[in-house]
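The values are calculated or read from the model by the stated rules, or taken from the named source; none is laboratory data. Please read these numbers as outputs of a predicted model, since none were measured by experiment. Neighbour counts run over all protein chains shown; Cβ positions are idealised from the backbone, glycine included. Heavy atoms of the whole protein, side chains included, go into the accessibility calculation; ligands, DNA and RNA do not. Shrake-Rupley method; radii C 1.70, N 1.55, O 1.52, S 1.80 Å.
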Amino acid sequence: MNKKLSHSELLAIVKSVPMLTPSANQLLQLTAQEDHDLADVVNLVKTDAKLTARVLKVVNSAAFGLLSNITSIDRAISYLGERIIVSIAIGDSAGKLFDKELAGYEATGGDLWRHDLRTAIAAREVASQSGADISPDLAFTAGLLHDIGKALISDYLLGTAPDAIQMIRSDESVDYLTAEVAMVGFDHTQAGYELAKIWQLPEALVEVIRYHHQPSQAGEANRALVYAVHLGDNIAMLSGFGTGADSMQYPLDPGYGNYLSLTPIDLENIILTVDSEFSKLQESLTANGEE
Amino acid sequence: MGQLTLGVGEYGASNIIGEEVKTYALGSCIAVILLDPQTRTIGMAHIALPDSSINKNKAAEKPGYFADTAIPALLEEMARYGCHKKGKGMVVKLCGGANVMDTNDTFQIGKRNALAIKKILWAHDMGAVAEDLGGNFSRTVSVSVESGLVTLSSPGRPSWQL
């Protein structure tokens, strides 16, 4: 049996994680506001030379196949859109966490980022197709960040995956969250929540990180958004992009029907869109990390 | 050892002894495996969705993506290896088709995929002799061309055979 962490040990782990860059942090604050526009995003990116360079590199990467190079940051941002800018800033700021090999879940390096990116695209599609009043851009960002807690507790879960699965199969645990608590004292949503608070993320993102497996517990104001990410997460897992042993080991909350309307055909269309968007986005964002 | 790796919506065949036909992380997707004892050819399709009517363009570009277009495409591909065009004498195995823990029908994509595939196989007078479908876990599957042995694995579980 692995050693359970105390709350102060969990906080020490969370505090050892580097802070987001100021521009990434401000970008998350800004894009969580309902009444922001792209000009605000442009002004913010311009304050960060490194981020500006990354954005230009991504827009001029082969994935977008532009005929001539874009050299103006204004044009680059309006071409790429807010979502991709946020992805670049997060990847730039916390890339090490996202690329971490989740050995505790028997996943490989890069699995977390791929799962998050697919969840992000799926949550955005759910948000825009479901008729709910949710910002698709915010759903995307929330999808990117929802599982960040796994990078924090994975090392402490090392070797527990077979037992965790056995606990669920024998009904000793209802899902992987309870198994995580049994193994290390905390689940990945609790760990992620502590990090989200230290990073001072906007409330909507904090709630998604904390309640993406129990959306009904989120506050009324953000509940539809949390449901969208809950479904996006499940769609990513269904399409074979989980983060290892915990994939599909969580109940789907049918209460989403009170907030989002989704037919089986909508779902199939979303799966298709996620597949095609994912390859394109992954290719373009890889240019992000190259020097 | 050589390996023919198939991504989502891809299909292919091999008759090279020593090679493996493999596909990773089948969630609700289903791998249709066709083994032809006559020519010792292994064919596989990694099918994502039940019906191509939702997007004909995608079906034209990637027939392996949908159950109704994947099976004819795979049979045609295997005919290039000398197999019977209509799949006569072939052994069929199916795996994947997982579902999330859910009581709601909308998300039972794995189940809908399995039904669609079986219907199309029946229409071709084919049926699976072995299947490992459903459940709520992701499967990686590989088939040895030499022995026809189908091996499955999933994170956190010992591997097993079908």
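Quick one: pull the percent of accessible area on the protein assembly as shown belonging to carbon and sulfur, 1.4 Å probe, ligands and nucleic acids left out. Working shown, then result.
Numbers: 9070 of 18100 Å².
Reported share for carbon and sulfur atoms: 50 percent.
Could you give the length gained by full extension between A:GLU101 and A:SER261, i.e. 0.36 nm per residue of separation minus their alpha carbon distance, to one decimal place?
Once the chain is fully extended between A:GLU101 and A:SER261, it gains 54.0 nm.
Under a plain spin-label model, where a point goes 7 Å from the Cα along Cα-to-Cβ, how far apart in nm are B:LYS56 and B:GLN3?
3.9 nm
Loop-only chymotrypsin sites (Phe, Trp or Tyr not before Pro) in the stretch A:154-212, please: DSSP not H, G, I, E or B, and at most 14 other Cβ atoms within 10 Å.
Numbers: sites: A:TYR156, A:TYR176, A:PHE186, A:TYR193, A:TRP199, A:TYR211; in loops: A:PHE186, A:TRP199.
Taking the stretch A:154-212 and a limit of 14 other Cβ atoms within 10 Å, no loop chymotrypsin sites (Phe, Trp or Tyr not before Pro) are found.
Report, as an integer, the average count of C-beta atoms from other chains found within 10 Å of each Cβ along A:246-253.
Rounded to a whole number, the mean comes out at 6.
Could you calculate the FRET efficiency of A:GLN214 with A:THR273 from 1/(1 + (r/R0)^6), where r is the beta carbon distance between them and R0 is 35 Å, rounded to 0.05? Provide the component values of the computation, followed by the final result.
Numbers: r = 27 Å, r/R0 = 0.76.
Calculated value: 0.85.
Run the 1.4 Å probe and let me know the accessible area of B:MET90, rounded to the nearest 10 Å².
20 Å²
Give the separation of the Cα centroids, the stretch A:202-262 to the stretch A:22-37, in Å.
So the separation of the two Cα centres works out to 22 Å.
Provide the per residue accessible area, probe 1.4 Å, for the protein assembly as shown, rounded to a whole number of square angstrom. Present the calculation step by step, with values, prior to reporting the outcome.
Working: 18100 Å² over 453 residues.
The answer is 40 Å² per residue.
Amide H of B:ALA98 versus every other amide H placed in the peptide plane: which residues, excluding those fewer than 5 positions away on the same chain, fall under 5 Å?
Result for B:ALA98 returns B:SER28, B:CYS29, B:GLY134.
Other chains' Cβ within 10 Å of A:140-151 residues: what's the mean? Working shown, then result.
Working: counts 0, 0, 0, 0, 0, 0, 0, 0, 0, 0, 0, 0.
Mean shielding by partner chains, rounded to a whole number: 0.
Under the definition of partner shielding as Cβ atoms of other protein chains within 10 Å of a residue Cβ, what is the mean value for peptide B:152-158?
Taking all residues of B:152-158 together, the mean is 6.
Which Cα, out of A:VAL42, A:ALA32, A:MET19, lies furthest along the positive dipole direction of the stretch A:4-76 (beta carbon charges, K/R +1, D/E -1)?
A:MET19
For chains B and A, what's the summed buried accessible area, probe 1.4 Å, to the nearest 100 square angstrom?
Details: alone 8180 and 12510 Å², together 18100 Å².
In total, this chain pair buries about 2600 Å².
How large is Rg/Rh for chain B, to two decimals, with Cα atoms and a Kirkwood Rh?
Values: Rg = 14.7 Å, Rh = 15.5 Å.
Radius of gyration over Kirkwood radius for chain B works out to 0.95.
Under a plain spin-label model, where a point goes 7 Å from the Cα along Cα-to-Cβ, how far apart in nm are B:HIS84 and A:ASP40?
Each label point is offset 7 Å from its Cα along the Cβ direction, giving 6.7 nm.
With charges set only on the Cβ (+1 for Lys and Arg, -1 for Asp and Glu), what does the dipole of the stretch B:3-161 come to about its Cα centre, in debye to the nearest 20?
Here the size comes out at about 160 debye.
Suppose each label sits 7 Å from its Cα in the direction of the beta carbon; what would the A:HIS7-A:ALA49 distance come out to in nanometres?
Here the answer is 4.5 nm between the modelled labels.
I want the local charge near A:ALA182. Using Cβ-Cβ distances under 12 Å, sum +1 for each Lys or Arg and -1 for each Asp or Glu among the other residues.
-4
I'd like to know which of B:TRP160, B:MET126, B:ALA48 lies farthest towards the positive end of the charge dipole of chain B, counting +1 on Cβ of Lys and Arg and -1 on Cβ of Asp and Glu.
Working it through, the farthest residue towards the positive pole turns out to be B:MET126.
State to the nearest 20 debye the size of the charge dipole of chain A about its Cα centre, where the only charges are +1 on K and R beta carbons and -1 on D and E beta carbons. Walk me through the numbers before you get to the answer.
Numbers: 20 positive and 39 negative charges, 134 e Å.
The dipole of chain A has a size of about 640 debye.
When the Kirkwood radius is taken over all Cα pairs of the protein assembly as shown, what Stokes-Einstein diffusion coefficient follows at 20 °C and 1.002 mPa s, in µm²/s? Kindly include the intermediate steps, with their values, before the conclusion.
Numbers: Rh = 22.8 Å.
Here the translational diffusion coefficient equals 94 µm²/s.
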